[in-house]
Amino acid sequence: MDTFQAIIVAIVEGLTEFLPISSTAHMKFIQPLLGITDTPFVSMFEVVIQLAAILAVVVLYWKKFFDFKRISFYIKLIIAVTPALIGGFLLKKHIDAALSNLTFIACVMVAGGIILLFIDNIFKASAIDSEEKVTNKTAFIIGCGQVLSIIFPGLSRSAATIITGMSQKLTRSEAAEFSFFLAVPTMLAASAKSFWDTYNEHPDAIATDNLTTLLIGSAVAFIVSLIAIKFFIGFLKKHGFRIWGFYRIITGLAMLFLIWKGIV
């Protein structure tokens, strides 16, 4: 992976991480189109730049993240992230196999798109409009919803957690914000594990040139995400999920076509 390729992948990651359209699916499909081969470094790059993108949440919501007087906020995040940590550990073999199956990811894109077409009508009643009203039980349930995105790559972590939040009476915007908060410890843990595994199993992948590429990609993903978060919250309040459902279906079918033609 050269610097240009890293920047393109990082832009895609930054644009799609917080949208309910699966950044993983987009990165998995754009890489072969850019001529990027799957290597230990590339696999680590995918995970770490997701953390960089998600750190934009910490910057935009810094008052929330660094208000140490509100211990309940941190407790909720710990409770919510626990199912993903356990699920990721127990289902590692399944996750690795699913991530390498582009047809599976494309099918999940289409199926997730169909679900999004109806979400706004299914979950209309909403009473929780702030994080303070989210209970520990609700946080845990949202965390369980996040596990679905681990089991089904292409589902979208944000889509899974936002929809689960809406099922628990959170407003669309509050479900999205809690999804953003939850992403921070989730991707911090995933990135640390990915970097550690790569360092131990493929130390050559942590070369100076690769680390430079990783830093550039991370910076780009972070900057693009700052813009994408604000856009998504505003758009979601006005328009809901339906348009993203159509996008997922069209994109998923396009992916299946590219697979069928042998292009990816």
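Just so it is clear, none of the values below were taken in a lab; they were calculated from the coordinates. Model, not experiment: these values are computed from the prediction. Positions of Cβ are generated from backbone atoms using ideal geometry, with glycine treated the same way; all protein chains shown enter the neighbour counts.
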Where in region 88-180 are the helices (runs of 4 or more DSSP H), entirely inside, with at least 1 residues that are among the acidic types (Asp, Glu) and under 30 Å from LYS261 (Cα atoms)?
92-99
Filtering region 201-223 down to residues that are out of contact with any Phe, Trp or Tyr (no Cβ under 7 Å at 6 or more places or on another chain), within 26 Å of ALA56 (Cβ to Cβ) and hydrophobic (A, V, I, L, M, F, W, C), which residue is surrounded by the most Cβ atoms within 10 Å (Cβ to Cβ)?
ALA221
Is it the case, given these coordinates, that ILE142 is buried (at least 20 other Cβ atoms within 10 Å of the Cβ), in contact with a strand residue (DSSP E or B) (Cβ under 9 Å, 6 or more places away or on another chain) and within 29 Å of MET44 (Cα to Cα)?
yes
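Sort out which residues of region 181-195 are within 29 Å of ILE233 (Cα to Cα) and touching a residue at least 60 places away in the same chain (Cβ under 8 Å), and write them in order of number. Walk me through it before giving the result.
The first filter runs over region 181-195 and keeps only residues within 29 Å of ILE233 (Cα to Cα), leaving 181-192.
Answer for region 181-195, where residues must be within 29 Å of ILE233 (Cα to Cα) and touching a residue at least 60 places away in the same chain (Cβ under 8 Å): PHE181, LEU182, ALA183, VAL184, PRO185, THR186, MET187, LEU188, ALA189, ALA190, SER191.
Any idea which of PHE235, PHE257 is within 24 Å of PHE181 (Cα to Cα) and without any contact (Cβ under 8 Å) to a residue 12 or more places away in the chain? Working first, answer last.
Working: PHE257 fails: within 24 Å of PHE181 (Cα to Cα).
None of the others qualify; the one that does is PHE235.
From the list PHE45, PHE41, PHE73, which one is among the aromatic types (Phe, Trp, Tyr) and closer than 23 Å to GLU131 by Cβ?
On the way: PHE45 fails: closer than 23 Å to GLU131 by Cβ; PHE41 fails: closer than 23 Å to GLU131 by Cβ.
Testing whether each residue is among the aromatic types (Phe, Trp, Tyr) and closer than 23 Å to GLU131 by Cβ leaves just PHE73.
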Restricting attention to region 1-48, the residues that are outside any helix (DSSP H, G or I), of a type in the set (A, V, I, L, M, F, W, C) and farther than 16 Å from VAL224 by Cβ number exactly 3
Take the residues of region 119-132 that are in contact (Cβ under 8 Å) with a residue 60 or more places away in the chain and touching a Gly at 6+ places or on another chain (Cβ under 9 Å): which is surrounded by the most Cβ atoms within 10 Å (Cβ to Cβ)?
ILE119
Please go through region 229-253 and give me each residue that is crowded, with 16+ Cβ neighbours inside 10 Å and either in contact with a Gly (Cβ under 9 Å, 6 or more places away or on another chain) or of a type in the set (Asp, Glu) (or both), ordered by number.
TRP244, GLY245, TYR247, ARG248, ILE249, THR251, GLY252
Checked LYS237, LYS193 against criteria (of a type in the set (Lys, Arg), over 22 Å from ALA25 (Cα atoms) and either in a helix (DSSP H, G or I) or out of contact with any Phe, Trp or Tyr (no Cβ under 9 Å at 6 or more places or on another chain) (or both)); the one match is LYS237
Going by what's in this entry, would THR198 be described as assigned to a helix (DSSP H, G or I), in contact with a Phe, Trp or Tyr (Cβ under 8 Å, 6 or more places away or on another chain) and free of Cβ contacts under 8 Å to residues at least 24 places away in the same chain?
no
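When you scan region 56-66, do you find a residue that is of a type outside the set (Asp, Glu) and crowded, with 18+ Cβ neighbours inside 10 Å, even just one? Walk me through how you get there before you give the answer.
Going residue by residue through region 56-66, those that are of a type outside the set (Asp, Glu) are 56-66.
Filter once more, so that each one left must be crowded, with 18+ Cβ neighbours inside 10 Å: 56-57.
The answer is yes, given that some residue of region 56-66 is of a type outside the set (Asp, Glu) and crowded, with 18+ Cβ neighbours inside 10 Å.
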Within region 158-170, does at least one residue satisfy the condition of being touching a residue at least 60 places away in the same chain (Cβ under 8 Å) and either within 27 Å of GLN5 (Cβ to Cβ) or surrounded by fewer than 19 Cβ atoms within 10 Å (Cβ to Cβ) (or both)?
yes
Scan region 175-200 residue by residue and report those that are of a type in the set (Val, Ile, Thr) and surrounded by fewer than 20 Cβ atoms within 10 Å (Cβ to Cβ).
VAL184
